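Novice: Quick one: the structure is below, questions incoming.
The values are calculated or read from the model by the stated rules, or taken from the named source; none is laboratory data. All values reported here derive from a predicted model rather than from experimental measurement. Note that each Cβ is placed from the backbone with ideal geometry, even for glycine, and that neighbours are counted across all protein chains shown. These accessible areas exclude ligands, DNA and RNA; they are computed on the full protein's heavy atoms, side chains included. Shrake-Rupley method; radii C 1.70, N 1.55, O 1.52, S 1.80 Å.
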Amino acid sequence: MKLYRIKKSNIDRNGRGLYATKNIKKGTRIIDYIGKIITKKKSDQSEKFDNSKPIYLFDLNSRYDLDGDYSWNTAKLINHSCSNNCEYEGQGLKLWVIAIKDIKKDEELTCDYGFSYDSDYKQFPCKCKSKNCCGYIVRSESRWRINKRFRLSFKKNNRVNR
Ligand SMILES: [Zn+2]
């Protein structure tokens, strides 16, 4: 039995998302993130990957990117949340999604898209409605730049991690 099913998303009103079909333990590998491996040279030159749609492009290493923008890549349906319960993990040229929290049955699976903060961040509003939401899809380390509220928690987290 698959750990996920496709359903209309609560986060992305016009789109779909993945939902847990049963309780999932933290650390569980849920789904592979599949796509086509392309050279950085190609992704740099292709119009498909200009700043308007970086969502499905992953940086694998200094030479290769993974383009996951294909209908057969079910994992691309996972939406961004500022309180994500999953994370992308990879090794070599492979990527997958793991649970970083215990996830309850019927919860939507979410990741941190990890967009860096730049002048374009307003193109990507976030509607995750979580308590932590900063309003935009920006990686957690950069959210304090948008909202001062996050400055404190960022510093605090940093201290704990050291
Ligand atoms: Zn959010």
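Novice: Would you mind checking which residues have amide H under 5 Å from ASP102's amide H? H placed 1.01 Å from N; only 5 or more apart, or other chain.
Specialist: Amide H neighbours of ASP102: LYS26.
Novice: In region 1-131, carbon and sulfur make up what percent of the accessible area (probe 1.4 Å)?
Specialist: Values: 3740 of 7950 Å².
That share works out to 47 percent.
Novice: In addition: What full-extension length gain, to one decimal in nm, is calculated for ARG139 and LYS25 as 0.36 nm per residue of separation minus the Cα-Cα distance? If you can, show how the numbers build up before the last one.
Specialist: Working: separation 114, 0.36 × 114 = 41.04 nm, distance 2.37 nm.
Additional length available on full extension: 38.7 nm.
Novice: Further question: Where the only charges are on Cβ atoms (+1 Lys, Arg; -1 Asp, Glu), what is the dipole of region 1-99 about its Cα centre, to the nearest 20 debye? Don't skip to the end; give the middle numbers.
Specialist: Working: 19 positive and 11 negative charges, 106 e Å.
With Lys and Arg at +1 and Asp and Glu at -1, about 500 debye.
Novice: Taking a threshold of 31 Å on the Cα-Cα distance, which of the pairs LYS22/LYS42; LYS41/LYS101; LYS22/LYS48; LYS42/LYS122; LYS25/LYS122 fall above it?
Specialist: Beyond 31 Å: LYS22/LYS42; LYS41/LYS101; LYS22/LYS48; LYS25/LYS122.
Novice: Can you compute the helix-only [θ] at 222 nm over the chain? Use -39500 (n - 2.57) per DSSP H run of at least 4 residues, normalise by all residues, nearest 500 deg cm²/dmol.
Specialist: Details: 2 runs with 19 residues, N = 162.
Taking each H run of at least 4 residues, the total per residue is -3500 deg cm²/dmol.
Novice: Using a 1.4 angstrom probe, figure out how much accessible area the chain has per residue, in square angstrom, rounded to the nearest whole. Kindly include the intermediate steps, with their values, before the conclusion.
Specialist: Details: 10360 Å² over 162 residues.
Accessible area per residue: 64 Å².
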